[in-house]
Amino acid sequence: MANFIKNIFSRASKRKRHAGGDQQKAESLSNSYCEHTWDLDRVRDSYPSSKINIRNPGHSQGLSSSEAKQLLEKNGPNALPKAKEITDLELLGRQFLNFLWGLLLLAAVFSFISFIRQEKTDQSDLWVAIIIIITINGFCFISFYQERKAIKAVSGFKNLLPEASVTVRDGTEASIPAADLVVGDIIRIKNGSRVPADARILQCSQLKLETSAITGEAEPIDHTSDPAPENVNIFDAKNVAFNGSLCVDGDGVGIVIRTGYWPNCWIDYKPRRKT
C-alpha cells in the first residue's frame, strides 16, 4: 500500500511540472507574431488592401468599406468570446472530476477498509486515508482559487476594451464601434484613449502606452514605429500596441494585426509574406 501511495503522489507532483507548459504556450503565442520585426515596406506589401502610405502613414487610405465588411463577416467581431457563466459551487465541483483524484480516493477507501478489518490498535491505514482525503481537498481548493482568479482577471480585461475607435477607411477618418474592427484597419491612437485591437505602429509622436494589464509593466512604455530585431520577443517589442493599452501621452497611427479572439482570425486571414 505504501508503494502504491508513493507512486500516486509522484504522479501528482508531475502535475506541477506542467506549469512549464504555460511558458511554452506564451512562447508559442509570441512566435505567432512576426509583424514587429518588419519594416514599413514589408508591412505595406503584406497588407496591400490597407493602402499604407509609408512616407506619411497618417495619410493612408485604409481598407475599403466592402473589404472590411467581408472580413468582419468572415472572422467575426473584435470582441472576446463570452464565457459561459459558472457558479463557484460548480467550479469547485469540477476540480474533483479528475482521474488522479479518483485513484487517490480509491486508495483512501481501501486504506479505510483495511483499518476496519484489522485491529483498531493499528491506525496507520486510517491515517493514510485521512492524509489522502486532506491532500485531495487541498489540491482541489488551490486549483479552484487559481481558476476563479483567472476568470475574474479575464472578466476585468473586458472592461478595458474601448467602445469606439477612430479608423481610416476609404481614405476617410471616422469613429466606428471597436467591435467592427478587422485585421488591416488603419487606426489612430490618441492621448487618453485605449487601444481597440493589437496594432503594429506605423507612425507615432512621443507615444507612451500603459500596458500593465497585458505585459505587467508598471510604468508607461515609450513606443516607436521602428522594426524590432528578429530575436526580440513580441512582448518586449516597442512597436506593437496591445488591445486594452491606455495611451497616456502622444499619439500614433497603427494597422490592426489581431482582433478579438485572434487565433481564429489568424487562421482565416494571414498577411501576404514576401518571398
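Summary of values
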read-out: Filtered residues of segment 207-248 (kept if among the basic types (Lys, Arg) and either at positive phi or outside the structural domain of residue 260 (by TED's automatic domain parsing) (or both)); value: none
read-out: Test: residue in segment 47-63 that is in contact with a Phe, Trp or Tyr (Cβ under 8 Å, 6 or more places away or on another chain) and either of a type in the set (D, E, K, R) or buried (at least 18 other Cβ atoms within 10 Å of the Cβ) (or both); value: no
read-out: The one condition in (1) outside any loop (DSSP other than H, G, I, E, B); (2) in contact with a strand residue (DSSP E or B) (Cβ under 7 Å, 6 or more places away or on another chain) that residue 234 fails to fulfil; value: (1)
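Residues checked against (1) surrounded by fewer than 14 Cβ atoms within 10 Å (Cβ to Cβ); (2) modelled with pLDDT of 90 or more; (3) of a type in the set (Phe, Trp, Tyr); (4) touching a Leu at 6+ places or on another chain (Cβ under 7 Å):
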site: 204; (1), (2), (3), (4): no, yes, no, no
site: 223; (1), (2), (3), (4): no, yes, no, yes
site: 231; (1), (2), (3), (4): yes, no, no, no
site: 247; (1), (2), (3), (4): no, yes, no, yes
site: 256; (1), (2), (3), (4): no, yes, no, yes
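The values are calculated or read from the model by the stated rules, or taken from the named source; none is laboratory data. Quick caveat: nothing in here was measured; it's all calculated off a predicted structure. Heads up, the Cβs are rebuilt from the backbone with ideal geometry, glycines too, and the neighbour counts pull from every protein chain shown.
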